[in-house]
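Student: Next up is a structure, given as structure tokens.
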Amino acid sequence: MGYQGVILGYSKEIVLNPNEKLAVDETGSTHYSDRCYEAVEEWKQGTLETLRMVGSGDFLAVKLTGAGPIAVDAMRARWPMPEVMVKAVDEICAATKEQGSRLWLDAEQQILQRGLDDWAIDIMRKHNCENTPLIYNTIQGYLKESKANLDHHITMAAQEGWSLGIKLVRGAYIEHEVRSLIHDTKEETDQSYDLIADTLICQKLPEEAKHLQFPSAALFLATHNAASAANAIATHQGLLHTKQPTIPLECGQIQGMADELGCELVHNYEQALARSSMFNVTVPKAFKCMAWGSVAECMGYLHRRAIENRGAVERTHHMADALRKEVWRRIFARISVDKI
Ligand SMILES: Cc1cc2nc3c(=O)[nH]c(=O)nc-3n(C[C@H](O)[C@H](O)[C@H](O)COP(=O)(O)OP(=O)(O)OC[C@H]3O[C@@H](n4cnc5c(N)ncnc54)[C@H](O)[C@@H]3O)c2cc1C
């Protein structure tokens, strides 16, 4: 379809009720059946199967909650990652590296996210040993504490010397969350998203880390919002053209959504490629993100997309126009090549 890469995720997941209590016995310890351990193994196999479907340079989207109660309970209680999960995740990271792909950890509901951030930092510390990050964590701009969370990630990476991979989203769990944790208005979420992108692109160190050097980092801008994408790309291009330091930037949208933005990014990349060699293209690559699994496994994912797409009917004309334009652009590009 012309995109420069894909992101593929295995949809198995658990969506929690924030009021549910953790199941522990009277001694305070949790015991799991063999079935729970099998669930971790099944999730690992499904994730490795997903990895084999993507190529070098592509992303594997990993949903840690797919591993079932052992992962979910520990994440929720902010315990260290259980040994069985450490082994599974290490195997997935090693296979991703060997294939030349990359991996991101999907963000979840707030009830799990703090534990997930702790684990993500542990995983990046262990596996992001080179300048280009192998593992990315997801930051949700709709959370009031998202900028502080980003600053914490930057400080840890700068202090400890590992590379930081960040995938930036606005956040998909607004209907399942404690509302007070999320910015009060959509405009505030938009500002928060753009501020986080700007902080990374302009390599702004947090106050407490001013004495350190900005860590090696990369940003994946996951959004359907054309204004946010345009802002971030303009800042990035400005820094590159004036030879100021910045970090690698890539963009992506979900399959079936915001094709008008995806097509524009593909077009910009192709134009830049026509003007220079593949290794000198500075405009961000465009990716498409997909999830797969049985219908039951995909229900949570589809439900979140249905909520996001409530405004889709109004956007349909806009998207159809953009796609029509793109088809004609590709036909004319083909005719010009044939003539030459
Ligand atoms: C490639 C990709 C991967 C993704 N992975 C994840 C993931 O791992 N975890 C995850 O949670 N989400 C994920 N998402 C979904 C994402 O969080 C958003 O829900 C979705 O992209 C819509 O936001 P937007 O940036 O495209 O912009 P828009 O469509 O402009 O913004 C919509 C978003 O704004 C926020 N918002 C809406 N109304 C309000 C309000 N009244 N107050 C405050 N905020 C409001 C919500 O976050 C809503 O989703 C992913 C999206 C993409 C494109």
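Student: Can you go through CYS202, CYS263, CYS251 and tell me which one is of a type in the set (A, V, I, L, M, F, W, C), under 24 Å from PRO133 (Cα atoms) and crowded, with 19+ Cβ neighbours inside 10 Å?
Tutor: Going through CYS202, CYS263, CYS251 in turn, the sole match is CYS251.
Student: Are any residues in the range 209-234 part of a helix (DSSP H, G or I) and either within 15 Å of the ligand (Cβ to nearest atom) or touching a residue at least 60 places away in the same chain (Cβ under 8 Å) (or both), and if so, which ones?
Tutor: ALA226, ALA227, SER228, ALA229, ALA230, ASN231, ALA232, ILE233
Student: Tally up the residues in the range 128-149 that are in contact with a strand residue (DSSP E or B) (Cβ under 8 Å, 6 or more places away or on another chain) and either within 16 Å of the ligand (Cβ to nearest atom) or at positive phi (or both), please.
Tutor: 12
Student: What do you reckon, is SER146 over 19 Å from ALA61 (Cβ atoms) and touching a helix residue (DSSP H, G or I) at 6+ places or on another chain (Cβ under 8 Å)?
Tutor: yes
Student: Cβ-Cβ below 7 Å, separation at least six or inter-chain, first residue in the range 139-160 and touching a residue at least 12 places away in the same chain (Cβ under 8 Å), second crowded, with 21+ Cβ neighbours inside 10 Å and of a type in the set (Lys, Arg): which pairs?
Tutor: Filtered contacts from the range 139-160: GLN140/ARG170; GLY141/ARG170; TYR142/ARG170.
Student: I've got another one for you. Would you pick out the residues in the range 109-137 that are outside any loop (DSSP other than H, G, I, E, B) and in contact with a Gly (Cβ under 8 Å, 6 or more places away or on another chain)?
Tutor: Across the range 109-137, the qualifying residues are MET124, ILE135, TYR136, ASN137.
Student: How do the pairs read when you match residues in the range 252-275 that are free of Cβ contacts under 8 Å to residues at least 40 places away in the same chain with residues anywhere that are away from the ligand (no atom under 16 Å from the Cβ), using Cβ under 6 Å and keeping only pairs 6 or more apart or on different chains?
Tutor: Matching pairs, first to second residue: ASN268/VAL283; ALA272/VAL281; ALA272/VAL283; LEU273/VAL281.
Student: Now a separate question. Within the range 150-207, which residues are part of a loop (DSSP other than H, G, I, E, B), in contact with a strand residue (DSSP E or B) (Cβ under 9 Å, 6 or more places away or on another chain) and away from the ligand (no atom under 12 Å from the Cβ)?
Tutor: Passing the criteria: SER163, GLN203.
Student: Of the residues THR246, THR199, THR223, which single one is in contact with a helix residue (DSSP H, G or I) (Cβ under 9 Å, 6 or more places away or on another chain) and within 18 Å of GLY262 (Cα to Cα)?
Tutor: THR223
Okay, residues lined up against (1) outside any helix (DSSP H, G or I); (2) more than 16 Å from the ligand (Cβ to nearest atom); (3) in contact with a Leu (Cβ under 6 Å, 6 or more places away or on another chain):
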| position | (1), (2), (3) |
| --- | --- |
| HIS236 | no, yes, yes |
| GLU250 | yes, no, no |
| MET257 | yes, no, no |
| GLY262 | no, no, no |
| GLN271 | no, yes, no |
| ALA274 | no, yes, no |
| VAL283 | yes, yes, no |
| PHE287 | yes, no, no |
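Student: A further question on this structure: For the range 7-24, check the following and say yes or no: at least one residue is at pLDDT 95 or above and over 21 Å from GLY300 (Cβ atoms).
Tutor: No: zero hits.
The values are calculated or read from the model by the stated rules, or taken from the named source; none is laboratory data. What you see is a predicted model, and the numbers here were worked out from it, not measured in a lab. Positions of Cβ are backbone-derived with ideal geometry, glycine not excepted, and every protein chain shown enters the neighbour counts.
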